[in-house]
Amino acid sequence: MKKILIANRGEIALRIIHTCKQMGIETVAVYSDADAELPYVQAATKARRIGEPPVQKSYLNVEELLRISHEEKVDAIHPGYGFLSENSAFAKRAIDEGFCFIGPSPEIISMMGDKIAARAAMKEAGVPVVPGSQGDVTSVEEACKVASLIGYPVMLKASGGGGGIGMVRCDNEEAVKQVYASTKARAKAYFGQEGMFIEKLITNAKHIEVQVFGDQHGNVVHLFERDCSVQRRNQKVIEEAPALSLKESTRQAMQNQAVQAAKAIGYYNAGTVEFIVDEDENFYFLEMNTRLQVEHPITEQIAGVDLVKWQILAARGEKLPRVQEEIAANNYAIEFRIYAEDPFTFLPAPGKITGYHLPERTYARVDSGYSDMNAVTPFYDPMIAKVIITGRTRSNAIELAKSYFTEAVVEGIKTNIPLFKQLLNEELYEKGTYNTSLLSTVLNKGGAPQ
């Protein structure tokens with residue numbers, strides 16, 4: 001594998017380029033007109049214009065991506081995360097046209113991308129799933145019937161959804177009736193399928209995920225778990241590894257279940273099994289992400305691995321670099337996603353960056369997609385960087401993070417850095433006893449971050 005096309009943008013494209021350089025692999029970056037000045041474009045061996053800023057005309061343009069891949073004679077395509085990373089049709093097209101797709105098989109992507117099929121596969125593998133409908137609910141009447149059987153509150157979810165999109169909380173029958181049609185229409189628009197299902201909403205829950213990795217020889221390992229409970233709009237803001245707020249027995253059971261699940265479906269390459277954990281530490285399968293996660297760096301920091309390198313090795317058909325007994329968790333890592341957004345309303349705040357100081361430190365890794373004078377445009381996700389703090393313990397990592405954010409500066413646009421400063425001094429957060437309601441609790445109590 002001598003040349004890889006990266007079908008993505010921003011910080012993840014730069015992250016993949018970094019590993020490829022270390023492995024002596026050439027890279028081809030693609031960029032839209034809005035991204036022409038971003039750092040990853042200059043960092044790649046070669047960069048090609050993919051189209052106009054809207055995603056349908058650029059990063060989701062399969063024909064253009066494959067045309068450039070042929071012209072550049074690349075060996076493989078790395079999808080990163082988001083965009084086409086969990087699009088089984090794209091993975092199949094890439095393979096059919098002679099390229100190596102750096103990820104799991106199209107069949108596995110398809111199965112785990114359909115939330116109903118994924119639930120069925122996990123049940124069969126003996127993994128506990130959240131109580132809910134057996135398959136699609138095809139009418140508002142059926143939705144109401146299922147919801148009353150499992151008990152409110154419930155989540156109405158799009159079968160093809162993900163990333164916090166296509167899910168609505170319903171506290172009573174009236175709510176189901178109100179949102180059913182609009183949620184179904186949104187699912188069709190976003191995901192190309194209007195299938196809907198219902199799950200029991202686990203309240204006061206923690207969101208824990210296990211990083212798994214498989215090769216094409218049947219070997220699967222876990223690289224511990226991440227706590228992703230600090231969320232806004234069902235999307236993660238801060239992630240931590242490992243999840244020491246759980247009992248050791250719970251952590252081990254989740255790790256084992258995740259490996260069991262991956263083996264049961266013949267999984268290979270990087271994958272993440274997401275669980276929802278209730279107040280009694282009962283845990284239930286939520287979904288499986290068949291790609292590299294945004295928050296993969298905290299796993300790299302505690303386990304001492306390069307997951308992008310592992311992805312490339314697995315795609316080449318090589319065996320896993322380590323067996324389970326050789327993987328140990330050292331240190332504690334926390335990732336902060338810096339977004340160009342209002343820290344109180346969480347609404348995107350695009351604009352031009354006029355000052356940018358996110359320094360690397362011995363304890364601070366910065367995976368950034370932007371630099372000084374770059375424009376954050378409204379066309380894409382507003383995340384501009386990830387700051388990963390690594391300490392000896394959780395409390396040590398929190399103290400280091402407090403220190404870091406006294407010197408972190410992004411000027412010209414609003415960011416959520418003030419929110420981090422506030423959260424790091426919240427007793428609930430410092431104790432580690434929080435759940436997915438932490439952000440709303442803090443903001444309702446204290447108002448907008450200063």
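Look at segment 305-332: where a residue is within 21 Å of ILE17 (Cβ to Cβ) and a partner is surrounded by 13 or more Cβ atoms within 10 Å (Cβ to Cβ) and among the small types (Gly, Ala, Ser), sitting 6+ places away or on another chain with Cβ atoms under 6 Å, you get LEU307/ALA270; GLN311/ALA270. Of the residues TYR31, TYR81, TYR40, the single one that is in contact (Cβ under 8 Å) with a residue 40 or more places away in the chain, touching a strand residue (DSSP E or B) at 6+ places or on another chain (Cβ under 7 Å) and hydroxyl-bearing (Ser, Thr, Tyr) is TYR40.
Scoring SER368 on the criteria (1) crowded, with 19+ Cβ neighbours inside 10 Å; (2) over 24 Å from PHE83 (Cα atoms) leaves a single failure, condition (2).
For ILE202, indicate whether it is touching a Cys at 6+ places or on another chain (Cβ under 8 Å), β-branched (Val, Ile, Thr) and under 23 Å from ASP280 (Cα atoms). No; evaluated as a whole, the condition is false for this residue.
For every residue, the table says whether it meets (1) under 21 Å from the mean Cα position of the chain (by Cα); (2) at pLDDT 90 or above; (3) surrounded by 15 or more Cβ atoms within 10 Å (Cβ to Cβ).
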| residue | (1), (2), (3) |
| --- | --- |
| LYS115 | yes, no, yes |
| ALA125 | no, yes, yes |
| PRO128 | no, yes, no |
| SER139 | no, yes, no |
| ALA143 | no, yes, yes |
| GLY160 | yes, no, yes |
| ALA175 | no, yes, yes |
| PHE197 | no, yes, yes |
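Do we find a residue being within 22 Å of the chain's Cα centre (by Cα) and in the same structural domain as GLU341 (by the TED database) anywhere in segment 404-416? Yes, because at least one residue in segment 404-416 is within 22 Å of the chain's Cα centre (by Cα) and in the same structural domain as GLU341 (by the TED database). Across segment 199-225, the number of residues qualifying as of a type in the set (Ser, Thr, Tyr) and surrounded by 22 or more Cβ atoms within 10 Å (Cβ to Cβ) comes to 0.
Residues in segment 372-393 that are surrounded by fewer than 18 Cβ atoms within 10 Å (Cβ to Cβ), charged (D, E, K, R) and touching a Ser or Thr at 6+ places or on another chain (Cβ under 8 Å): ASP372 alone.
Modelled with pLDDT of 95 or more, within 20 Å of ILE302 (Cβ to Cβ), in a strand (DSSP E or B) and among the hydroxyl-bearing types (Ser, Thr, Tyr): does that describe THR272? Spelling it out, THR272 is indeed modelled with pLDDT of 95 or more, within 20 Å of ILE302 (Cβ to Cβ), in a strand (DSSP E or B) and among the hydroxyl-bearing types (Ser, Thr, Tyr). Figure legend. Inter-residue proximity from segment 420-431: first residues touching a residue at least 24 places away in the same chain (Cβ under 8 Å), second residues in a helix (DSSP H, G or I) and of a type in the set (Lys, Arg), beta-carbon distance below 7 Å, spacing 6+ or different chains. Indicated pairs: LEU424/LYS402.
Go through segment 277-332 residue by residue and tally those that are modelled with pLDDT under 95 and within 22 Å of ILE12 (Cβ to Cβ). Of the residues in that region, 1 qualify.
Applying the selection to segment 166-194, what residues are touching a residue at least 40 places away in the same chain (Cβ under 8 Å) and in a strand (DSSP E or B)? Passing the criteria: only MET167.
In this structure, does GLU64 turn out to be assigned to a helix (DSSP H, G or I) and farther than 27 Å from CYS170 by Cβ? Taking the combined requirement at face value, the residue satisfies it. Residues that are under 22 Å from GLU326 (Cβ atoms) and either touching a helix residue (DSSP H, G or I) at 6+ places or on another chain (Cβ under 9 Å) or not assigned by the TED database to the domain that holds VAL323 (or both) within segment 294-305 comprise HIS296, PRO297, THR299, GLU300, VAL305, listed in sequence order.
On inspection, GLU287 passes the criterion of being out of contact with any Cys (no Cβ under 9 Å at 6 or more places or on another chain) and either crowded, with 20+ Cβ neighbours inside 10 Å or in contact (Cβ under 8 Å) with a residue 12 or more places away in the chain (or both). Here ALA243 fits the description: of a type outside the set (Asp, Glu), buried (at least 23 other Cβ atoms within 10 Å of the Cβ) and assigned by the TED database to the domain that holds THR436.
Among LYS386, LYS414, which is the only one that is within 30 Å of ASP35 (Cα to Cα) and part of a strand (DSSP E or B)?
Answer to the selection: LYS386.
Between a first residue in segment 246-264 that is over 16 Å from ASP278 (Cα atoms) and in the same structural domain as GLY432 (by the TED database) and a second residue that is of a type in the set (Asp, Glu) and in a helix (DSSP H, G or I), which pairs have beta carbons less than 8 Å apart while being 6 or more apart in sequence or on different chains? Pairs found: ALA264/GLU124.
The values are calculated or read from the model by the stated rules, or taken from the named source; none is laboratory data. Please read these numbers as outputs of a predicted model, since none were measured by experiment. Neighbour counts run over all protein chains shown; Cβ positions are idealised from the backbone, glycine included.
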